Amino acid sequence: MSQKLAVNDSTSFSTQPATQTQLTTALVDGGSIPVIQNALLHELQASGWSTNLKNHVTQLMRSGECTKYDDLMERILEEALADPNTAKDSNHPSLAIPDEAITQAVKVVKKELDKICQVDTA
């Protein structure tokens, strides 16, 4: 991308969908999406979250608690968005996204956005 997108304090993605589209397009065109995905995947794997998720999904399917894909997705999303301190028992670790994974992913997103955005603070 030859010219960076101008973004400032008054930029609103909810009232200016064209800006969001421009950012998304620039991230895709610049190859940033795979960079962000890989960084998040790495952090989730390093924290053990991916393994916990796989094991929990397997347990839910084998036990018959979830027999349909939609039921499984609803259950997993509910648990992933729940408070990490509310794990049901010690055999079932929290599926909340680890704070460190979020922190590292945000750093990568900011780095990628810096490549395509000119932030005006004035």
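Reported count of residues in the range 69-94, each being aliphatic (A, V, I, L, M), modelled with pLDDT under 90 and under 18 Å from the mean Cα position of the chain (by Cα), is 3. Does the range 86-94 contain at least one residue that is part of a helix (DSSP H, G or I), within 30 Å of Ala6 (Cβ to Cβ) and out of contact with any Ser or Thr (no Cβ under 6 Å at 6 or more places or on another chain)? Within the range 86-94 (the criterion being part of a helix (DSSP H, G or I), within 30 Å of Ala6 (Cβ to Cβ) and out of contact with any Ser or Thr (no Cβ under 6 Å at 6 or more places or on another chain)), the answer is no, since none of the residues qualifies. Selection within the range 16-33: residues that are of a type in the set (Gly, Ala, Ser) and either part of a helix (DSSP H, G or I) or surrounded by 13 or more Cβ atoms within 10 Å (Cβ to Cβ) (or both). The member of this set that is modelled with the highest pLDDT is Ser32. Counting residues in the range 44-55 that are modelled with pLDDT under 95, in a loop (DSSP other than H, G, I, E, B) and either out of contact with any strand residue (DSSP E or B) (no Cβ under 6 Å at 6 or more places or on another chain) or farther than 21 Å from Ala105 by Cβ (or both) gives one or more.
Rundown of residues vs (1) surrounded by 11 or more Cβ atoms within 10 Å (Cβ to Cβ); (2) acidic (Asp, Glu); (3) in contact (Cβ under 8 Å) with a residue 24 or more places away in the chain, yes/no style:
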residue	(1), (2), (3)
Ala39	yes, no, yes
Gln45	yes, no, no
Ser50	yes, no, no
Leu53	yes, no, yes
Leu60	yes, no, no
Tyr69	no, no, no
Leu72	yes, no, no
Glu79	yes, yes, no
Ala82	yes, no, no
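The values are calculated or read from the model by the stated rules, or taken from the named source; none is laboratory data. Everything quoted here is computed from the prediction, not taken from an experiment. Neighbour counts run over all protein chains shown; Cβ positions are idealised from the backbone, glycine included.
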